[in-house]
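Notes follow once the structure below has been shown.
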Protein chains: 2
Amino acid sequence: MDAPIPCRSCPLRPLPTFKPMSAEILASIAARKIGQLRLPVGAAILTERETGDRLFTLMAGWAFRFMTLSDGRRQILNILFPGDLIGLQGELMAASSHGVEALTDVSLCVFARDSLWAFYRDHPELALDVTWLSAHEERIVDEAVLSVGRRTALERIAALLVHVHKRASGAGLARRDGSVPFPLTQIHVADALGLSPVHTNRMLQRLRRTGLIRLEGGRLALGDLSTLQRVARYWEQPAPGRPLL
Amino acid sequence: MDAPIPCRSCPLRPLPTFKPMSAEILASIAARKIGQLRLPVGAAILTERETGDRLFTLMAGWAFRFMTLSDGRRQILNILFPGDLIGLQGELMAASSHGVEALTDVSLCVFARDSLWAFYRDHPELALDVTWLSAHEERIVDEAVLSVGRRTALERIAALLVHVHKRASGAGLARRDGSVPFPLTQIHVADALGLSPVHTNRMLQRLRRTGLIRLEGGRLALGDLSTLQRVARYWEQPAPGRPLL
DNA sequence: CGCCTTCTTGATGCGGTTCAAGTAAAGTGG
DNA sequence: CCACTTTACTTGAACCGCATCAAGAAGGCG
């Protein structure tokens, strides 16, 4: 684990996606930061059915939450972007019900699980922020249920790509040409959408052929956003002022 | 809206599912309770894409959260039981991303949205409890993604029935014969599992014929729990000490 | 260079949808 | 109290979206 880096020089915080925070609260967060952790692609950040007493903020890189059935079938629950909290969800009570794996090399801010209580006690406003984050992530998982339950394969893929593009942009990862990194393999996409890799491949190609997306060299660019959203049967939704711990 | 009922006489709180709370916190909750609301089956408790400034605790009866696609396809996200909070999830930030509908006649405790902040400020422990509830609900939605994405139709139904039975029992709704109320129609089950009503019907009958479940007259009883769990490819999970607002 | 992972394409088959009817039970109004 | 409607459930038959199996092509990487 590297030496802690001061939160005031956090590269994420200045982004418009994130809510400004008072110097006092920032200092309080920084004070409780245990350290910084770098992990390579594929590393397990959290393991299914294991207890952990730490809490992470994803500072750089991508990850994903997943669950597996007893016979090995895997379902990706959602994708994690810079700024996301890791370890809040299942573990609060007992062993984690899901695993978290790094999609790229990642860099994590590390907190002790108990810091949560300290944050709440010293700065009740932070509790509201955590509630916000938690509600926001649940909303994303809600969208996943909707996709997997009721959208066709093509619709699911369109919805996922729109979602990833939006979140990656929000994390400041878009180039001036509008493209964002896309570190997911087609197997990841398939596991996120409840599809087989083969069919995922075919539907991706259909979107490519119609020019709705460009996807090559690990980068994703969207053609016409509103058409894609129509394909996905998407309803528009805003989400400003995200808190960042 | 009926006149408020004191929380000390809340019929839910004595149940073993719920965490004991200090008299002081209880009084603080009771003080912020705006009133009590009774709604009939089918009533809309929350409407998709509308803003609400109230928060509810489901005191009696069942409800469900759902989302719809722009062309009307509906997906049920999860089922709400007595003790569940309503209105936390999407609405915190803006308009609710999902709707909530009563599955039976329901009785709700009503709070103002801002009470959340007051609770956090006056009793930071409550913030932890809300975080617990939020994490717990996300875990349930996680399970839904897993089911819908990776389980076969039969497995999904088995998993849902086990889950409903467990939660209904926890809410004190089980009879001495082990049966619990089951107010869902087959259409509800289908919409919760991403299936068509027709196929839902056939799989339910298969479970009935093999004696794994009894389902009649609006009540559900499970045959052999561990077999059912094996059918569902279920991993066991405990969940004690649920907080209740 | 050879191995491994990812992506691609074709062929075949099944799990689940859709369409269509019919039954049963519960509410509704005269 | 009985026709009438409505909602829930059931069953059969045809079809299709997607999974599965199989094999090949195209990169990374030690």
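Here, each number is a calculation from the coordinates, and none is a lab measurement. This one's a predicted model, so the numbers in the text were calculated from it and none came from an experiment. Cβ atoms come from the backbone with ideal geometry, glycine included; neighbour counts cover every protein chain shown.
Which residue pairs have Cβ atoms closer than 8 Å, lie 6 or more positions apart in sequence or on different chains, and pair a first residue in region B:142-154 that is more than 8 Å from chain A (Cβ to nearest Cβ) and over 14 Å from residue A:89 (Cβ atoms) with a second residue that is within 12 Å of DNA strand D (Cβ to nearest atom) and not hydrophobic (A, V, I, L, M, F, W, C)?
Pairs found: B:153/B:199; B:153/B:200; B:154/B:206.
Within region B:26-74, which residues are farther than 27 Å from residue B:6 by Cα and either among the charged types (D, E, K, R) or part of a strand (DSSP E or B) (or both)?
Of everything in region B:26-74, those that are farther than 27 Å from residue B:6 by Cα and either among the charged types (D, E, K, R) or part of a strand (DSSP E or B) (or both) turn out to be B:48, B:49, B:50, B:65, B:66, B:67, B:68, B:71, B:73, B:74.
Going through region A:163-173 one residue at a time, which ones are surrounded by fewer than 18 Cβ atoms within 10 Å (Cβ to Cβ) and either under 23 Å from residue B:48 (Cα atoms) or within 13 Å of chain B (Cβ to nearest Cβ) (or both)?
A:166
From B:176, B:121, which residue is more than 20 Å from residue B:80 (Cβ to Cβ), within 14 Å of chain A (Cβ to nearest Cβ) and surrounded by fewer than 19 Cβ atoms within 10 Å (Cβ to Cβ)? Step through it out loud before you land on a result.
Details: B:176 fails: within 14 Å of chain A (Cβ to nearest Cβ).
Exactly one residue qualifies, and that residue is B:121.
Taking region A:123-157 as the region of interest, how many residues are within 16 Å of DNA strand C (Cβ to nearest atom) and either in a helix (DSSP H, G or I) or in contact with a His (Cβ under 8 Å, 6 or more places away or on another chain) (or both)? Can you show your working first?
Going residue by residue through region A:123-157, those that are within 16 Å of DNA strand C (Cβ to nearest atom) are A:145-157.
Now restrict to residues that are either in a helix (DSSP H, G or I) or in contact with a His (Cβ under 8 Å, 6 or more places away or on another chain) (or both): A:145-150, A:153-157.
Final tally of qualifying residues: 11.
Just the residues that are within 12 Å of DNA strand C (Cβ to nearest atom), part of a loop (DSSP other than H, G, I, E, B) and touching a residue at least 24 places away in the same chain (Cβ under 8 Å), please, taken from region A:205-230.
A:218
Based on what the data block shows, is residue A:214 near DNA strand D (Cβ under 10 Å from one of its atoms) and either under 24 Å from residue A:41 (Cβ atoms) or not hydroxyl-bearing (Ser, Thr, Tyr) (or both)?
Details: near DNA strand D (Cβ under 10 Å from one of its atoms): no; either under 24 Å from residue A:41 (Cβ atoms) or not hydroxyl-bearing (Ser, Thr, Tyr) (or both): yes.
No; evaluated as a whole, the condition is false for this residue.
Hey, residue A:77 hits all of (1) more than 14 Å from every other protein chain (Cβ to nearest Cβ); (2) buried (at least 23 other Cβ atoms within 10 Å of the Cβ); (3) in a strand (DSSP E or B); (4) not β-branched (Val, Ile, Thr) but one; which does it fall short on?
All conditions are met except number (1).
Which condition from (1) assigned to a helix (DSSP H, G or I); (2) touching a helix residue (DSSP H, G or I) at 6+ places or on another chain (Cβ under 7 Å); (3) of a type outside the set (Lys, Arg) is the one that residue B:88 breaks?
Of everything listed in (1) assigned to a helix (DSSP H, G or I); (2) touching a helix residue (DSSP H, G or I) at 6+ places or on another chain (Cβ under 7 Å); (3) of a type outside the set (Lys, Arg), residue B:88 misses just condition (1).
Filter region B:178-204 for residues that are more than 8 Å from DNA strand D (Cβ to nearest atom), in contact (Cβ under 8 Å) with a residue 60 or more places away in the chain and in a loop (DSSP other than H, G, I, E, B) and give the result.
B:183, B:194
Going through B:126, B:160 one at a time, which residue ends up being facing chain A (nearest Cβ under 9 Å) and either crowded, with 18+ Cβ neighbours inside 10 Å or among the hydrophobic types (A, V, I, L, M, F, W, C) (or both)?
Matching residue, one of B:126, B:160: B:126.
Would you mind telling me which numbered condition in (1) of a type in the set (Asp, Glu); (2) outside any strand (DSSP E or B); (3) within 15 Å of the chain's Cα centre (by Cα) residue B:101 fails?
Here residue B:101 meets the rest and fails (2).
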